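Before any comments, here is the structure.
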Amino acid sequence: MLVNGIWKENWQPVQHADDDGRFIRQTSSFRNWVTVDGSAGITGRGGFRAEPGRYHLYVAYICPWASRALMARQLKGLTEVIGVSVVNPVLTDQGWGFGGFSGSDNDPLNDARFMHELYTRADPDFTGRATVPVLWDKQTGTIVNNESADIVRMFNSAFSHLVPPTAGGPDLYPAELQADIDGLNSYLYDNLNNGVYQAGFATTQFAYSEAYTRVFAALDELESRLDDCRAFLFGETLTESDIRLFVTLVRFDAAYYSLFKCNRNTLREMPNLHRYMHRILALEGVQGTVNLAHIKAGYYSIKALNPTGIVPQGPGWL
């Protein structure tokens, strides 16, 4: 991680653990918002006006948080408005790097070798982990935001005036569902999105068992929720909650089942959720945000969990 702008140690997956061995995730550091007129958002400072070609998104296909932002960019028709670069999925001793893997990119803006170099360009004294996604402002040469939840909401509304109505996609956070979406988002994060990581990165049997139980209780509840053949979590309306669930489901059999020891059953054995995952995967543009080769190469490069670095051959697809 970076300490006062200097890289201090080899990358480690466990950011922090409590006294019971529970994995604790780092809080995002850059929380500015792009807005239609450049006024300040709900956090951070102003000056980030929505303009075509001004912003660039850095992502990793392996990372579900980054993939949320990538999906929102695609679903909202922003591919010509916001550029994107994909990092190498294999985690190095300096964290995320650029290039050197099929489907990954070199950094076109700053010629950085590692993501942490972008963090110190934005803040020379930055202390913390250099995570993805990162929304970069080319005009001021800084990070706007590195919190996926914020970026999804920016993509949902801030750039709508720059996209033809026919290409703007669904409203992922409709007013009439916002309270319900917020509640379900919290549930998904606590029990499933972060729950699989708390199982995989637990440092005690107690912490692992606790997380494992929450993960499968959530999956059972979601499987039952889809019993009525609804298309999405809130019926026929695709929302950001569906994005949050999808990015975990699409990685489940390939990584979480084995590497993170979430192995009561595969997702294939939960027919409602499996069909739901494929229904979202079939939406226009979504499949291009999923790269199974990157997902497997990335997760199985985590030395703390897989010291040999061997990447399993299966599953071939989802």
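The values are calculated or read from the model by the stated rules, or taken from the named source; none is laboratory data. This one's a predicted model, so the numbers in the text were calculated from it and none came from an experiment. Glycine gets a Cβ as well: all are built from the backbone with ideal geometry, and neighbour counts include every protein chain shown. Note: areas computed on protein heavy atoms with side chains; ligands, DNA, RNA excluded. Shrake-Rupley method; radii C 1.70, N 1.55, O 1.52, S 1.80 Å.
For the stretch 268-289, the set of residues classified as open to solvent by less than 20 Å² (accessible area, probe 1.4 Å) and closer than 26 Å to residue 101 by Cα consists of 281, 286, 289, listed by residue number.
Whenever a residue of the stretch 220-235 is within 17 Å of residue 185 (Cα to Cα), its partners that are surrounded by 14 or more Cβ atoms within 10 Å (Cβ to Cβ) and polar (S, T, N, Q), lying with C-beta atoms within less than 6 angstrom and at least six residues away or across chains, give the pairs 223/272; 226/272; 233/241. If the condition is being open to solvent by less than 20 Å² (accessible area, probe 1.4 Å) and either outside any helix (DSSP H, G or I) or β-branched (Val, Ile, Thr) (or both), then the stretch 248-264 contributes 248, 250, 259, 260, 262. Filter the stretch 194-214 down to the residues that are surrounded by fewer than 23 Cβ atoms within 10 Å (Cβ to Cβ), modelled with pLDDT of 95 or more and not charged (D, E, K, R) and list them by number. Correct list: 194, 197, 204, 205, 206, 207, 208, 209, 212, 213. For the subset of the stretch 161-193 comprising residues that are open to solvent by less than 60 Å² (accessible area, probe 1.4 Å) and of a type in the set (Val, Ile, Thr), which member is nearest to residue 207 (Cα to Cα)? Out of the qualifying residues, it is 181. The single residue among 215, 247 that is touching a Cys at 6+ places or on another chain (Cβ under 7 Å) and among the β-branched types (Val, Ile, Thr) turns out to be 215.
Residues that are farther than 14 Å from residue 225 by Cβ and of a type in the set (D, E, K, R) within the stretch 260-276 comprise 261, 264, 268, 269, listed in sequence order. For residue 81, all conditions in the list (1) closer than 24 Å to residue 117 by Cα; (2) β-branched (Val, Ile, Thr); (3) surrounded by fewer than 20 Cβ atoms within 10 Å (Cβ to Cβ) hold save one; what is the number of the exception? With (1) closer than 24 Å to residue 117 by Cα; (2) β-branched (Val, Ile, Thr); (3) surrounded by fewer than 20 Cβ atoms within 10 Å (Cβ to Cβ) applied to residue 81, the lone miss is (1).
When the residues of the stretch 124-160 are filtered to those that are of a type in the set (D, E, K, R) and crowded, with 17+ Cβ neighbours inside 10 Å, which remaining residue is nearest to the chain's Cα centre (by Cα)? Among those that are of a type in the set (D, E, K, R) and crowded, with 17+ Cβ neighbours inside 10 Å, it is 147. Taking the residues in the stretch 222-232 that are surrounded by 13 or more Cβ atoms within 10 Å (Cβ to Cβ) and either assigned to a helix (DSSP H, G or I) or of a type in the set (Ser, Thr, Tyr) (or both) as candidates, determine which candidate is nearest to the chain's Cα centre (by Cα). Here the residue is 222.
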